[in-house]
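**Student:** The structure's right below; bear with me while I get my questions together.
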Amino acid sequence: MKIIKIPKNRIRKLRTLSLGEKAYEFKSSNSQFQQNYIDLCSNDYLGLSRNIEVINAAYKTTLKEGLGSGSSRFISGTRPIHQSLESELGKWLNKEKILLFPSGFQANIAAMQALANRDSIIITDKLIHHSLLVGAKSSGAKLVRFFHNDLIDLEKKILKYSLSNKNILVTVESLYSMEGTISPLEEIAEICKKYNCRLLVDEAHALGILGSEGRGLSYGCKNPIDIISGTLGKAFGSGGAFLACNSKMGDYLIQTSGAFRYTTAISPSLAAGALQSLREIKSNKNWGLDLLKNSRIWRNKITNLDKWPVKGDCQILSLIIGDEDKTLLLQRYLEDKGFLAVGIRPPTIPRGQSRIRITIRRTLDLCILDKFISALKNFK
Ligand SMILES: Cc1ncc(COP(=O)(O)O)c(C=O)c1O
């Protein structure tokens, strides 16, 4: 076994939290010391994991269909709720085929393996999620990376490999999980069309919030996108994920993808919860816009402190601290003040870019922002 030596200051500890009383609160489960925290770190952006309709839908389906699906989709694990969710997601996103997966990590591996192989070149944004990198490596393709959101560098890399006679797959996220930046998707899709490259877009953090009525940034894109990957564990407040594509690609995935075939199907209760979340998102069309408006207010107020650069176009904001130890100090200080905001350090992000990443949620009101600002002001 290869032993990886982890520097002492990079050893991460798991933390156990319970839900607090307020919609945006956690509480520590330590019996000697109870503290409430304001959740500035989870991806439950719309608060749907605690939505009573969503919980009831999951509960009712669990009573009817059991807790787990008991086997893979091909054996006996496909329930009516899987088909209902796939069909409603397909109509919402205007996609011919939706395939559910137990997690976004798995869905991304499946997508990469379907679109690329040893005879392909995968060109990805430098900041794509780890699951896409694992997928790229497992596909056997050559992996090339372009500078974050840099269209010129993307085109340069495509041109470099376009004479190699290999298929090219471009992979991006629509809203980047660490930077909180939005990708210029329409332009990327246009470049892909120009050079006949395939395009995979991970909408994990955009779905439910960005794009027309929360359908993500791929929705309505003029140029083709081969596969969209979406997780149900973030704004949807449930768990599991899906790939959205055309029928031909979907049928190919069903027949060939090990990540789809050889895994226990997403639990009926999570599928039912996700379906109810979809219905909540459909009937509350302004949720995404409200969240973005709220996030802009947070961003402006933190920026006006003039203490650290703030990155992020949407509900994911990063206070760039730079130094790892100082980032940890700030994280602990904020915890003492009752805010759960996580320090992100290398190797998750490049050296010298350590940051406090905060996520804004729909249920946070502005008096919390005032408390947060005054805590930041007093940090020395
Ligand atoms: C951009 C991105 N893609 C995929 C995933 C994986 O999704 P899941 O949590 O459903 O496995 C994540 C979650 O961490 C993510 O941030």
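Every number here is computed from the coordinates shown, using simple stated rules; none is lab data. Remember, it's a predicted structure, so these values are computed and weren't measured experimentally. Cβ placement follows ideal geometry from the backbone for every residue including glycine, while neighbour counts extend to all protein chains displayed.
**Student:** With a sphere of radius 12 Å drawn around the Cβ of Ala23, what net charge do the other residues whose Cβ falls strictly inside it have (Lys, Arg +1; Asp, Glu -1)? Don't skip to the answer; put the middle values down first.
**Tutor:** On the way: positive: Lys22, Arg50, Arg361, Arg362; negative: Glu21, Glu25, Asp39, Asp44, Asp365.
It works out to a net charge of -1.
**Student:** Same structure, new question: Among rounded, prolate and oblate, which fits segment 1-82 when a ≥ b ≥ c are the square roots of the eigenvalues of its C-alpha gyration tensor, a/c under 1.5 means rounded, and a/b larger than b/c means prolate?
**Tutor:** Numbers: a/c = 2.73, a/b = 1.31, b/c = 2.08.
In terms of gyration-tensor shape, oblate.
**Student:** What does the charge count around Trp92 come to, taking other residues whose C-beta lies under 9 Å from its C-beta (Lys +1, Arg +1, Asp -1, Glu -1)?
**Tutor:** Details: positive: Lys91, Lys95, Arg215, Lys282; negative: Glu88, Glu213.
That works out to +2.
**Student:** A follow-up question, please. Return the Cα extents of the chain along principal axes one, two and three, sorted largest first, each rounded to a whole Å.
**Tutor:** Largest first, the chain extends 58, 54, 49 Å along its Cα principal axes.
**Student:** With runs of 4+ DSSP H residues as the only contributors, calculate the mean residue ellipticity of the chain at 222 nm using -39,500 (n - 2.57) per run, divided by the residue total and rounded to the nearest 500. Could you put the intermediate results ahead of the total?
**Tutor:** Working: 12 runs with 145 residues, N = 380.
Taking each H run of at least 4 residues, the total per residue is -12000 deg cm²/dmol.
**Student:** So, one more: Which of the cysteines found in the chain have nothing to pair with, since no other Cys Cβ lies under 4.7 Å from theirs?
**Tutor:** Singleton cysteines: Cys41, Cys221, Cys245, Cys314, Cys367.
**Student:** To continue, here is another question. So what is Rg over Rh here for segment 293-380, counting just Cα atoms and using Kirkwood for Rh?
**Tutor:** When Rh is taken as the Kirkwood radius, the ratio is 0.93.
**Student:** Determine, for each peptide in 41-48, 162-169, the mean count of other beta carbons within 10 angstrom over its residues, then list the peptides with the highest first. Each step should come with its number before you reach the end.
**Tutor:** On the way: 41-48: 22.4, 162-169: 15.2.
My ranking of the peptides, most packed first, is 41-48, 162-169.
**Student:** Compute, for the chain, the length of the dipole vector about the Cα centre, with Cβ point charges of +1 (Lys, Arg) and -1 (Asp, Glu) only. Units Debye, rounded to 20.
**Tutor:** Values: 55 positive and 35 negative charges, 191 e Å.
Magnitude of the dipole: close to 920 debye.
**Student:** If the cut-off is a Cα-Cα distance under 24 Å, which lysines reach Lys337, setting aside same-chain residues fewer than 8 apart in sequence?
**Tutor:** Cα-Cα hits under 24 Å: Lys13, Lys22, Lys27, Lys301, Lys307, Lys311, Lys326, Lys371, Lys377, Lys380.
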